[in-house]
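The values are calculated or read from the model by the stated rules, or taken from the named source; none is laboratory data. On a predicted model such as this, the values are computed, not experimentally measured, just so you know. Every residue, glycine among them, receives a Cβ derived from its backbone with ideal geometry; neighbour counts consider all protein chains shown.
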Amino acid sequence: MVFAAIMGFLWLGVAPLVSGWIAETFGLKWMAMLGGAFGGGLVFDLAGSYTLAWQVGVALGLAAGLVQGSYAWLRRAPPARLSAG
């Protein structure tokens, strides 16, 4: 879970860099679509609000955290055994 928290904070550090790269490479015309806002806009057009987009985002974040936590729990080292000797 610590890994997921650190990655969450670090991801926000690269978002401006990726946005700048998209703008330089593809131009401002395609910025919203390639930057990820296209999906949220599509949900807004279909549903009339961003509520579903937020719910999907939160659900995906929680699911990713559960998968990462489960994997870490399954991969943990077994406790050391004391030898009677």
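Some notes on this structure:
- Selection of the range 41-85 for residues being within 30 Å of F3 (Cα to Cα), in contact with a helix residue (DSSP H, G or I) (Cβ under 6 Å, 6 or more places away or on another chain) and at pLDDT 85 or above yields Y50, L52, A53.
- Contact map, the range 23-42: first residue over 23 Å from W54 (Cα atoms), second residue hydrophobic (A, V, I, L, M, F, W, C) and surrounded by 12 or more Cβ atoms within 10 Å (Cβ to Cβ), Cβ cut-off under 8 Å, separation 6 or more or different chains; pairs are A23/M31; F26/L34.
- Cβ pairs under 6 Å, 6+ apart, first in the range 54-80 and at negative phi and aliphatic (A, V, I, L, M), second in a helix (DSSP H, G or I) and at pLDDT 80 or above: none
- S19 modelled with pLDDT under 85, of a type outside the set (A, V, I, L, M) and farther than 30 Å from A72 by Cβ: yes
- Enumeration of residues in the range 38-67 that are among the aliphatic types (A, V, I, L, M), surrounded by fewer than 12 Cβ atoms within 10 Å (Cβ to Cβ) and under 18 Å from the mean Cα position of the chain (by Cα): V58, A59, L60, L62, A63, V67
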